[in-house]
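The values are calculated or read from the model by the stated rules, or taken from the named source; none is laboratory data. Given the structure is predicted, the values throughout are model-derived calculations rather than measurements. Here the Cβ is made from the backbone with ideal geometry for all residues, glycine too, and neighbour counts use every protein chain on show. Accessible surface is based on the protein model in full, side chains and every heavy atom, while ligands, DNA and RNA are left aside. Shrake-Rupley method; radii C 1.70, N 1.55, O 1.52, S 1.80 Å.
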Amino acid sequence: MQTSSGKREQNKLANRASILDSARRLFAEQGYDAVTIRDVIRATPLASGTFYNYFPDKESLLRSLVEERLSELTDRLTQVRRTADTLEQFMQGAFLTTFEEICAHPDFYRMMFRNEPVIRAFFTDNVFGHTIRMLKIDLADAVARGLLADINVDYLTATIFGSAYELSRTLVERKNPDPREAAMFVARLLINGLANLQPEPSGGELIRRGSLLLRGAAR
């Protein structure tokens, strides 16, 4: 038999979820700046003063929306990358995990892309920063485990994050997105590129020949 305290806790969780769902829909449809707290509450069955039992302001509402979903995704990505036995598993597994998440919750990610400038301003040193830091740590671990040759991890982190972010935007905009196809495409592109990446030769001047830049003597 459920206790009264247990029922109250369930009601609180349901009310909070209702507010978050209302905010997600309105932020996606109208944009963060155009939506007020009154708008959010009006789109729920809750009384007008209920909002402040759960959130102090509109910014905290958006932060909660983003933090809860992206923190969970980041944890899943870390698990996939750290248990990978090959570079292909590392790359394709992480991209597939990301793209399956995007396709499972397209409305949330449409909301994110619609409000990208606001979210970037809020999360430069928070959720996005944490996601990027964990990727960098996992890439350094992959180098240490021999899955990846010694490489500029900062450059590779930016390349992988940027690729995942922009492909996620593409998947959200498609009517019938295929997360596996997208994951295989970008993983193969990066793996093949890494395999063919050669260290820059040392010495020699850059000499322009037509529209080309060559090192050493012109050929």
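Taking the residues in the stretch 134-156 that are within 17 Å of the chain's Cα centre (by Cα) and open to solvent by less than 30 Å² (accessible area, probe 1.4 Å) as candidates, determine which candidate is nearest to A195 (Cα to Cα). If we take residues in the stretch 134-156 being within 17 Å of the chain's Cα centre (by Cα) and open to solvent by less than 30 Å² (accessible area, probe 1.4 Å), then L156 is nearest to A195 (Cα to Cα).
Of the residues making up the stretch 157-180, those that are touching a Leu at 6+ places or on another chain (Cβ under 9 Å) and open to solvent by 50 Å² or more (accessible area, probe 1.4 Å) are T159, D178, R180. The residues in the stretch 16-36 that are open to solvent by less than 40 Å² (accessible area, probe 1.4 Å) and touching a residue at least 24 places away in the same chain (Cβ under 8 Å) can be counted, and the count is 8.
Taking the stretch 49-59 as the range and being in a helix (DSSP H, G or I) and surrounded by fewer than 12 Cβ atoms within 10 Å (Cβ to Cβ) as the test, the residues that pass are G49, Y52. Residues that are out of contact with any strand residue (DSSP E or B) (no Cβ under 6 Å at 6 or more places or on another chain), modelled with pLDDT of 90 or more and of a type in the set (D, E) number at least 2 in the following helices (runs of 4 or more DSSP H) confined to the stretch 103-148: 127-144. Of the numbered criteria (1) farther than 20 Å from V172 by Cα; (2) open to solvent by less than 70 Å² (accessible area, probe 1.4 Å); (3) at pLDDT 95 or above; (4) out of contact with any Gly (no Cβ under 7 Å at 6 or more places or on another chain), the one L46 fails is (3). Looking only at the stretch 181-198, which residues are within 11 Å of L167 (Cα to Cα) and open to solvent by less than 60 Å² (accessible area, probe 1.4 Å)? Scanning the stretch 181-198 gives A182, A183, V186.
Check whether at least one residue in the stretch 90-105 is over 22 Å from I132 (Cβ atoms), without any contact (Cβ under 8 Å) to a residue 60 or more places away in the chain and open to solvent by 60 Å² or more (accessible area, probe 1.4 Å), and report yes or no. Yes, because at least one residue in the stretch 90-105 is over 22 Å from I132 (Cβ atoms), without any contact (Cβ under 8 Å) to a residue 60 or more places away in the chain and open to solvent by 60 Å² or more (accessible area, probe 1.4 Å).
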